[in-house]
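Comments concern the structure below.
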Amino acid sequence: MDLAPTREQEAFRAECRDWLREHLPWEYGVGLPPLFDDLAEEVEFLRGWQHQLAGANLVGVTWPSRYGGRDAGPLMHYIVQEELARARAPELVGRIGVNLVGPTVLAHGTDEQKARWLPQILSADELFCQLFSEPGAGSDLAAVATRAERAEGGWRLTGQKVWTSYAQFADWGMCLARSDSDAPSKSRGLTMMMVDMRSPGIDVRPLRQITDEADFNEVFFDEVFVPDPDVIGDVNGGWAVSGSTLTHERGTNPRQLVIHAQLLEELYRLAEETGRLDDPRAANALAQAFVEVRLFQLQNWRSLSKLAHGRPQGAEAATAKLYWSEMSQRLHATAMTVLGDAAPLWRGAVDNPGDGRWQRSWLYYRAASIFAGTNEIQRNIIGERTLGLPREPR
């Protein structure tokens, strides 16, 4: 594993950093994006920000140039994500499209589908959501029950999805549905299709979260028509298509790495200011957090080295997701210890660090062991596919 950057990588990092210093609407590396009380206003602001990034060719750099990318390798993508996080730039509002939908369409879509959808993704001119999870099929996608029934010229969708990010703003949704109930195994009767989220018969209901936000949603389908040209991959071949999507979702995570390194640095500073470093338990927890963030960095580098040499991650992606989610929860528990009496306060605390951002972050990352595949499922994947242990009884 060679960790020394090439001249090309150093030049690209400098390009990213220079552009961000010039275009960030707040102080580079110190300021933070504005807080919005209205989610629609926040989404509109973030669409404008992503449009600017795409104009600088800093979104989807691994994509082919004919679709707006740079034909760059995974290390270049890693550099962009690192620099965005270091600059305190907001996360891409179109990240589902950029990180999951786009790569899936590139791998499995027709030329017509690529030309139709991909150019709209990078600029956030259109937003995409991922319609996978269901009330009875969260991490176990083989249990998907939303039905896709044959109709003239296409399919009729009926069923329910849940935990769908930004569905209320999405133009399109990539949906996994059951197209053959009589297939010999549950995974063989699934089909992936792109759904126009403005179609008649779709009902999107926002879910109020513990953070008092509502970017997750329930989505109900009542005989929603999906034309044949919007099927991605083969009919009844959706299991293979979804597998490539989830590999992208659970693989390397440079943004989370940099964000948690920054959080740890802020937490040390706060502990020093409040005298918490004098508490042996708090000091030990901070030292443990430092070690865990460093291990997360090494794990990312190992995965990137494999990708750079054209080797797939496979089931190792589950290890990355499992590790960083639980690492994050432990780090935020330490943060609440360091905050001390201010921990229960949301806004308006005396000398409240981050005007409640620590508290919001702690609440948000309680879900880290659930989203992108529950950690129980990740442990099954690691045991069965990486360690070769016997399969769990079904």
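For the reader, a short list of remarks on this structure follows.
- For S305, S133, S369, the sequence from fewest to most other C-beta atoms within 10 Å is S305, S369, S133.
- When the chain is treated as a GNM with alpha-carbon contacts under 10 Å, the residue of K321, K161, K186 showing the greatest mean-square fluctuation is K186.
- Principal-axis tilt of helix 280-308 within the chain, Cα atoms, nearest 10 degrees: 40 degrees
- The charge dipole of the range 128-239, taken about the Cα centre with unit charges on the Cβ atoms of Lys, Arg (+1) and Asp, Glu (-1), comes to about 220 debye, rounded to the nearest 20.
- Virtual paramagnetic centre 7 Å along Cα→Cβ of E392, amide N under 19 Å, in the range 116-155: 133-145
- Virtual paramagnetic centre 7 Å along Cα→Cβ of E326, amide N under 17 Å, in the range 270-306: 288-297, 299-300
- Interchain or long-range residues, amide H under 5 Å from I232's placed H: M192, M193, M194
- Remark: the range 81-92, residue by residue, has Karplus-estimated 3J(HN,Hα) of 5, 4, 5, 4, 5, 5, 7, 6, 6, x, 5, 5 Hz, where x stands for each Gly or Pro and the curve is 6.51 cos²θ - 1.76 cosθ + 1.60 at θ = phi - 60°.
- Dipole orientation for the chain: of the candidates P90, L339, I370, I370 has the Cα lying most toward the positive pole (charges on Cβ; Lys, Arg +1; Asp, Glu -1).
- Top positive-direction residue, dipole computed over the chain with Cβ charges, set G68, L264, H23: L264
- Dipole in debye (nearest 20) - the range 7-93, about Cα centre, beta carbon charges: Lys, Arg +1; Asp, Glu -1: 400 debye
- Full-extension gain in nm, D222 to H51, via 0.36 nm per residue minus C-alpha separation: 58.2 nm
- The chain: angle of helix 39-55 to the longest principal axis, Cα-based, in degrees nearest 10: 90 degrees
- Tail weight of P(r) past 20 Å, computed on alpha-carbon pairs of the range 196-308, percent: 69 percent
- Value at 222 nm in deg cm²/dmol, rounded to 500, when DSSP H runs of n ≥ 4 in the chain each add -39,500 (n - 2.57): -14000 deg cm²/dmol
- Within a straight-line Cα-Cα reach of under 29 Å, K186 can be paired with the following lysines, leaving aside sequence neighbours fewer than 8 residues apart in one chain: K114, K161, K321.
- Between the listed residues A145, P227, I202, the Cα displaced farthest toward the positive end of the dipole of the range 128-239, a dipole computed from Cβ unit charges relative to the Cα centre, is found at A145.
- Separation in nanometres of the label points that stand 7 Å from Cα toward Cβ, at A14 and R66: 3.3 nm
- Theoretical gain in end-to-end length, D203 to E126 [0.36 nm per residue, Cα-Cα removed]: 25.8 nm
- Separation of the range 1-74 and the range 181-211, taken as the distance between their Cα centroids, equals 31 angstrom.
- Distance histogram in 10 Å bins (all Cα pairs of the chain, percent per bin): 5, 21, 31, 27, 13, 3, 0, 0
- Highest-MSF residue in the chain out of L304, L84, L35 [GNM, Cα springs under 10 Å]: L35
- Magnitude of the charge dipole for the chain, about its Cα centre and with charges confined to Cβ atoms of Lys, Arg (+1) and Asp, Glu (-1), is about 1140 debye.
- Classified by the C-alpha gyration tensor, the range 7-93 has an oblate form. Its axis ratio a/c, with a ≥ b ≥ c, is 1.5 or above, and a/b does not exceed b/c.
- Note on the range 91-134: Cα Rg divided by 2.2 N^0.38 Å, N the number of residues, gives 1.11.
- In the range 128-239, the C-alpha radius of gyration followed by the widest Cα-Cα span (Dmax) gives 13.4, 44 angstrom.
Computed from the coordinates by the stated procedures, all read-outs in this text should not be read as laboratory data. Note that the structure is predicted; figures quoted are calculated from it, not measured. In this analysis, Cβ positions are derived from the backbone assuming ideal geometry, glycine residues included, and neighbour counts consider all displayed protein chains.
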